[in-house]
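Data first, discussion second: the structure below is written as structure tokens.
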Amino acid sequence: MAHPPAPALELLLEERMALEAMAANTTLPHRAVREAKGLLLSADGVPNSVIGERLGVSRSTVLAWRRGFVEHGIDWVGKVRPGRGQKPTISQERIEAMVQDTLHTAPPDRATHWSVRSMAKHSGLSKSTIQKVWSARGIKPHLIKTFKLSNDKRFEEKLRDVVELYVNPPDDGVVLSVDEKSQIQALNRTQPSLPMIPGRAGTLTHDYKRNGTTTLFAALNIATGLLVFKCMPRHRNREFVRFLRLIDRSVDKAKKIHLIVDNYGTHTHPNVRAWLSRHPRFTLHFVPTSSSWLNLVERWFRELTDKKIRRGSFGSVADLIAAIEDYISHHNADPKPYKWTKTADEIIEKVRRGRVALQQSVAA
């Protein structure tokens, strides 16, 4: 017995436009494209049985498309209904066991970490399944990050002191982040580098000739981003005193000078302490041990390395110093100060969580 023709499916203009876009999309799943085409035919008044014949589905499937669209709208098109679709062939227990082994065991071949192949052999799962699970959960056994928690007994005290200078600098003083980038090598590549072209990165030879070293003393003005600097051949207390004299000449005599420094022995040498005692406008603020990330000039040193030194080729120490001075001169012509955003309490809480995690790892 023939079914009476169903009334045409009513579509709003924006719904028709959305369905037409889905029907023409070449990247959507086939089921979504086919369903969009069926709904458009329904809106044109084509009988359900004819739509089924054209699209290779049953009349009841076309009716289900129409009901789903009327009840749920455009977002329902192409979705797999609850209880339908391909059933998983791997149990969740096997997946969880594989994840636990990845995180908490070592491979039987004495390697330091699991690979997709070694875990596939160990778990009996396919390499593609393991890769999908690892990717979905953000597990990356091949990657590792270095860290070190400070054991400084005065960690919180020093941290709060330095962060306070960053976020609330004194009105009557200048805050300078000071450090030395020592043993910068003047490396001369053995062959000319090839320039970057489309499809190929720039190149450097892997070997080089060492032509000596220099040490860069730098003081980064936290408020302005300007640098006071000096390249010297050695890295001793007498060079540091020379650099302090340069800072003294460079900063307005009416201003107090707050220097943020690390715990390197040069900064606490008796000669340095004697000089500082004769120049009371200087105050040294020490970052906690193993906390070089707290000294902002270290961030600038990274830029210097990435943008000027690492790819450079220098025939002499003089060439290296000239390149460093040229880069800093351009920086000082248009300085951009760094902005410290974390509070001391936020950092302390993060460090405390790190210590708890470290203790739990050791206990396990």
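The table below lists the values:
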quantity	calculated
Search result, residues across the range 229-258 that are under 25 Å from Ala318 (Cβ atoms) and among the small types (Gly, Ala, Ser)	Ser250
Selection status of Lys181, buried (at least 18 other Cβ atoms within 10 Å of the Cβ) and either outside any helix (DSSP H, G or I) or of a type in the set (Gly, Ala, Ser) (or both)	yes
Single residue of Val116, Val99, Val133 found to be without any contact (Cβ under 8 Å) to a residue 60 or more places away in the chain and within 21 Å of Gln360 (Cβ to Cβ)	Val99
Failed item in (1) touching a residue at least 24 places away in the same chain (Cβ under 8 Å); (2) closer than 19 Å to Thr213 by Cβ, with Lys336 passing the rest	(2)
Asp101 vs. criteria in a helix (DSSP H, G or I) and either at pLDDT below 95 or in contact with a helix residue (DSSP H, G or I) (Cβ under 7 Å, 6 or more places away or on another chain) (or both)	yes
Elements of type helices (runs of 4 or more DSSP H) contained in the range 260-364, each with 2 or more residues being polar (S, T, N, Q)	270-277, 317-333, 344-363
Matching entry among Gly212, Gly199, Gly138 (being closer than 30 Å to Ser91 by Cα and either touching a strand residue (DSSP E or B) at 6+ places or on another chain (Cβ under 9 Å) or exposed (fewer than 10 other Cβ atoms within 10 Å of the Cβ) (or both))	Gly138
Index of the failed condition, Pro108 passing every other in (1) free of Cβ contacts under 8 Å to residues at least 24 places away in the same chain; (2) under 28 Å from the mean Cα position of the chain (by Cα); (3) loosely packed, with under 11 Cβ neighbours inside 10 Å; (4) not assigned by TED's automatic domain parsing to the domain that holds Gly225	(2)
Residue that is farthest from Glu15 (Cα to Cα), among those in the range 27-46 that are surrounded by fewer than 21 Cβ atoms within 10 Å (Cβ to Cβ) and small (Gly, Ala, Ser)	Gly45
Residue, farthest from the chain's Cα centre (by Cα), within the range 222-253, restricted to residues that are acidic (Asp, Glu) and not in a loop (DSSP other than H, G, I, E, B)	Asp248
Total residues in the range 231-251, condition of a type in the set (D, E, K, R) and crowded, with 16+ Cβ neighbours inside 10 Å	1
Residue ID - nearest to Trp293 (Cα to Cα), chosen from residues in the range 252-266 that are modelled with pLDDT under 95 and buried (at least 17 other Cβ atoms within 10 Å of the Cβ)	Asp262
Where a residue in the range 55-67 is on the phi > 0 side of the Ramachandran plot and its partner, wherever it lies, is buried (at least 16 other Cβ atoms within 10 Å of the Cβ) and modelled with pLDDT of 90 or more, with Cβ under 9 Å and at least six apart	Gly56/Arg34
Cβ-Cβ under 6 Å pairs, at least 6 apart or on other chains, the range 208-232 side closer than 19 Å to His267 by Cα, far side among the aromatic types (Phe, Trp, Tyr) and part of a strand (DSSP E or B)	Ala218/Phe229; Lys230/Phe217
Any hit, the range 195-203, residues being among the polar types (S, T, N, Q) and either in a helix (DSSP H, G or I) or in contact (Cβ under 8 Å) with a residue 40 or more places away in the chain (or both)	no
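Condition check ((1) modelled with pLDDT under 90; (2) surrounded by 16 or more Cβ atoms within 10 Å (Cβ to Cβ); (3) not in a helix (DSSP H, G or I)) across all residues:
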{"residue": "Glu96", "(1), (2), (3)": "no, no, no"}
{"residue": "His113", "(1), (2), (3)": "no, no, yes"}
{"residue": "His122", "(1), (2), (3)": "no, yes, no"}
{"residue": "Ile130", "(1), (2), (3)": "no, yes, no"}
{"residue": "Phe147", "(1), (2), (3)": "yes, no, yes"}
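Here's the yes/no breakdown for (1) touching an Asp or Glu at 6+ places or on another chain (Cβ under 9 Å); (2) in a helix (DSSP H, G or I):
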| position | (1), (2) |
| --- | --- |
| Glu15 | no, yes |
| Met22 | yes, yes |
| Thr27 | no, no |
| Arg34 | no, yes |
| Ser49 | no, yes |
| Arg54 | no, yes |
| Arg67 | no, yes |
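The values are calculated or read from the model by the stated rules, or taken from the named source; none is laboratory data. Remember, it's a predicted structure, so these values are computed and weren't measured experimentally. Cβ sites come from the backbone with ideal geometry, for glycine too, and all protein chains shown count toward neighbours.
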